[in-house]
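Note sheet for the following structure.
What follows draws every value from the coordinates through simple rules; no lab data is involved. Please read all numbers here as calculations on a predicted model, not as lab measurements. As a convention, Cβ positions derive from the backbone with ideal geometry for all residues, glycine included, and neighbour counts pool all protein chains shown.
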Amino acid sequence: MQVRILGCSGTIAKGCRTTSFLLDEHVLIDAGTGVGELTLEEMQCVDHVFLTHSHLDHIAALPLLPDAVGARRSRPLQVHALPATLAALRSHIFNDVIWPDFTCIPSPQAPFVQLSPLGVGDVFVCAGVTIEVLPARHSVPAVAYAARGSTGWWVYSGDTQGNEPAFWRRVNALHQDGGGVAALLMETAFSNAEAELARKSQHLSPTALAQELLLLKSATPLPVYITHTKPREGSLIMREVQELELGGLQPIDLQTVDTLQI
């Protein structure tokens, strides 16, 4: 499985795009401004979008996708998310005020977008990619995801101030019994100097990240990709992460130009 990092920044700036990951050709995990890295032909190939939560930096490009390529497609774009996230999209995005309601355009029988609810523990096989929905905790209803590649699982925490114990139980089970975790993506949005802001907005700082990773049981070196950093603090956050005592874990600064082979 190829994971293309379209965007992994905590906000926008020149050269920085917000969260979106392309799994092979047909599946997006989140739809932040990183979707703008795709050509029209690549956008047209996307059949499924899995959202972690409803915050703008993770959905900003979603309404633009059907506008860009909906007429070129022969079937609706499937958007998968928690019921609360889908309700937010209906109320605040696809409402014919902020944006046309592409869930019933060009017709209710053949719309450009279909909204499909999911729940924690659900497993999907989309275009040959197995995706499992994991529990997550954020300031709005949220989930995390795991996707199976040939070398193991790609696990993405989504935004979190501290994941549910059930998240780590499932990640440990995947790592020990499910073929192993090949890559773990953890958001770390703020530096330690802004740890209180991170706590209030339910994001991680490096110190909080270290507490989270204590729950990961890994006897072998495991790459931990740091994502969702703020551009003005990215270098500081990575220095603070690299100073942590993380045992065999290997912190890596995730970059938009990266492509991971899993």
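Note on VAL97 and GLN211: the model spin-label points, each 7 Å out from Cα along the C-beta direction, lie 3.9 nm apart. Under 27 Å of direct C-alpha separation, and excluding same-chain neighbours fewer than eight residues apart, LYS230 reaches these lysines: LYS14, LYS200.
Okay, which of the stretch 11-30 sit inside 15 Å, backbone N to the point 7 Å along the Cα-Cβ direction of SER139? Residues 11 qualify, since their backbone N sits under 15 Å from the label point.
As a test, work out the antiparallel percent of DSSP beta bridges whose residues both lie in the stretch 2-261, rounded to the nearest 5. Don't skip to the end; give the middle numbers.
On the way: 26 of 53 bridges.
Around 50 percent of the beta bridges assigned by DSSP in the stretch 2-261 are antiparallel ones.
Between GLU164 and ARG90, 0.36 nm times their residue separation minus their Cα-Cα distance comes to what?
Details: separation 74, 0.36 × 74 = 26.64 nm, distance 2.74 nm.
Taking 0.36 nm per residue and subtracting the Cα distance, the gain is 23.9 nm.
Rounded to the nearest 0.05, the FRET efficiency derived from the C-beta distance between SER201 and GLN109 at R0 = 45 Å is 0.60. Comparing LYS217, LYS14, LYS230 in a Gaussian network model of the chain (Cα springs below 10 Å), the most mobile by mean-square fluctuation is LYS14.
Each of LYS14 and ASP253 was given a label point 7 Å from its Cα along the Cα-to-Cβ line. The distance between the two points is 1.8 nm.
In a reduced charge model with +1 at each Lys and Arg Cβ and -1 at each Asp and Glu Cβ, the chain shows a dipole moment near 200 debye about its Cα centre.
What length, rounded to one decimal in nm, is gained on full extension from SER116 through to GLN242, with 0.36 nm per residue of separation minus their alpha-carbon distance?
Numbers: separation 126, 0.36 × 126 = 45.36 nm, distance 3.94 nm.
Here the segment from SER116 to GLN242 would lengthen by 41.4 nm.
Length available on full extension from ASN172 to VAL123: 0.36 nm per residue minus the Cα-Cα distance, which gives 15.9 nm.
Put simply, the Cα atoms of the chain extend 56, 38, 30 Å along their principal axes, the longest span coming first.
Taking the helices alone, the chain has a mean residue ellipticity at 222 nm of -6000 deg cm²/dmol, built from -39,500 (n - 2.57) per DSSP H run of at least 4 residues and averaged over all its residues.
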